[in-house]
């Protein structure tokens, strides 16, 4: 079978997405686990004109930089739909078609790969950063 | 805008209102040169549900592999990305602008260029060879171009080249491989008529050949096919439609016919082979490289058929069969049997290194290749 790769927004209008990458895992306080919507993870700052960034998550401050991906990426969305015509012909209910739609592309990411520094004082974090065991 | 965050400013990173696993959103890493093919809808994924997915451009085939990461990759769509009226993304109404994470990606897909999977093409087209008693054998599965696209993991260009390499012909919209025995009948009829009508095998006039053979009862399509399989168009001919028979292809055809029943002693083979080859064609045993193997059994030299076209296209399988046929090979005998192997990124030296063991019995002896 053949799955078409489409770009329904059109090649020229295909939007750029962003990535923030951390070596670690972000943990949400148990009481907030089920209401993540709009919950702040952290504050991303660009202190100077250089492409250096800080990301403050809970008590931790990470420093990183924006880097161009060595190879671009595209964001694909799998679309499953029922082929109504085929359903009628084959009298089965599981005739589905899959398409892939390019919904965006990515050329840069903001990468944080050094050990975070701990802020001495700060608000009680609802979200905190945990260093990955294999991490930095 | 997260991507253009200005110096001395900040943006609050939040979970998107629709944050979730979103298994239907995947990242695919690709070479810059493929990006426009993807954006302009020139690529497809091909394969059966039980096969690994491959991505095809017009001329190349790539295996799609998933590469995981232990990092946290926060995926942030543009401001207006939303699946309902409730908008997430970036928001300039608040004092601090925000950017929302829709998903934490577990990794991304990447592409590895591979040789097209053409072994399947050969096996499905061989299910129903086109033969002289076509009317009674035309049952079972026949394949049109669109059927082949759905079944064979290869790009359009590679599929076309594969069909050509198999000497397949499109008859009534279906791609068919013609039975060798039937091709033999047509070729012999052509040669027989050449003698009768004093045609030169170097300049066969298409119209004449087709009309004579058609009146002998052969379908037009197959006569053209015969010319294509055993000859080449003479480009320089003014009024088009002039063909020259190819010595190698004709000689190989007759050799295969003789050896179909099994191996033969060299003298017996040569005698029959030379007898069958038309006068105009100069045969030489070298023409059969990649088609026959010779072996010394006692004092006798024997010849048997081994056609490179009957061997698998994947290197591991190809070498495995070659070493089953013969344990040790000299380069001059081995080369014609691996010349056509195509592995993107691997030279023939690299292939030898990977799949064979090279040994040299003595300094002035020829190096010999055997299985690893």
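Given R0 = 30 Å, the distance between the Cβ atoms of residue A:13 and residue B:58 translates into a calculated FRET efficiency of 0.80. Counting Cβ atoms of other protein chains within 10 Å of each Cβ in A:68-74 and taking the mean gives 6.
The ranking of A:14, B:226, A:9 from fewest to most other beta carbons within 10 Å of each one's beta carbon is A:9, A:14, B:226. Taking other Cβ atoms within 10 Å as a rough exposure proxy, B:64, B:96, B:210 sort from fewest to most as B:96, B:64, B:210. Where only DSSP H runs of four or more residues are counted, the protein assembly as shown gives -7500 deg cm²/dmol as its mean residue ellipticity at 222 nm, each run worth -39500 (n - 2.57).
Measuring nothing but how far apart in sequence close Cα pairs (under 8 Å, 6+ apart) lie, relative to its length, chain B scores a relative contact order of 11 percent.
The mean of 1/r over all pairs of different alpha-carbon atoms in region B:299-367, once inverted, gives a Kirkwood hydrodynamic radius of 13.3 Å. In units of the compact-protein estimate 2.2 N^0.38 Å, region B:125-246 shows a Cα radius of gyration of 1.15. Kirkwood hydrodynamic radius of region B:123-197 from all distinct Cα pairs, in Å? Result for region B:123-197, one decimal place: 13.7 Å. Hydrodynamic radius of region B:201-286 by the Kirkwood approach over all distinct alpha-carbon pairs: 14.3 Å. Over the Cα atoms of region B:192-232, the radius of gyration divided by the Kirkwood radius equals 0.93; this is the Rg/Rh ratio. Please work out the FRET efficiency for the pair residue A:50 and residue B:216, using the Cβ-Cβ distance as r and a Förster radius of 56 Å; give the result to the nearest 0.05. Step by step, r from the Cβ atoms, then E = 0.10. Counting, for every residue in B:97-104, the Cβ atoms of other protein chains within 10 Å of its Cβ and taking the mean gives 3.
Ranked for footprinting exposure by Cβ neighbours inside 10 Å, fewest first, B:192, B:225, B:22 give B:192, B:22, B:225. Where in region B:16-43 is the amide nitrogen less than 18 Å from a point lying 7 Å along the Cα-to-Cβ axis of residue B:67? Taking a point 7 Å out along Cα→Cβ of residue B:67, the residues of region B:16-43 whose backbone N falls under 18 Å are B:26-35.
Over region B:227-372, Cα pairs under 8 Å with separation of 6+ residues give a relative contact order of 17 percent. A simple spin-label model places the labels of residue B:297 and residue B:370 2.2 nm from each other, with each point 7 Å out along Cα-to-Cβ.
Among B:53, B:247, B:327, the largest mean-square fluctuation in a Gaussian network model of chain B, built with springs joining Cα atoms closer than 10 Å, belongs to B:327. Above 37 Å, the calculated P(r) of the protein assembly as shown contains 51 percent of its Cα-Cα pairs.
For the residues B:298, B:290, B:173, a GNM of chain B with alpha-carbon springs under 10 Å puts the largest fluctuation on B:298. Rounded, prolate or oblate, given the Cα gyration tensor of chain B, with a/c below 1.5 counting as rounded? Prolate, since a/c reaches 1.5 and a/b exceeds b/c. Taking every DSSP beta bridge that has both ends in the protein assembly as shown, the antiparallel portion is near 90%.
None of the figures in this text is laboratory data; all of them are computed from the coordinates on show. Predicted model, so just to flag it, every value in this text is computed and none were measured. Quick reminder, even Gly has a Cβ in these numbers, built from the backbone with ideal geometry, and neighbours come from all protein chains shown.
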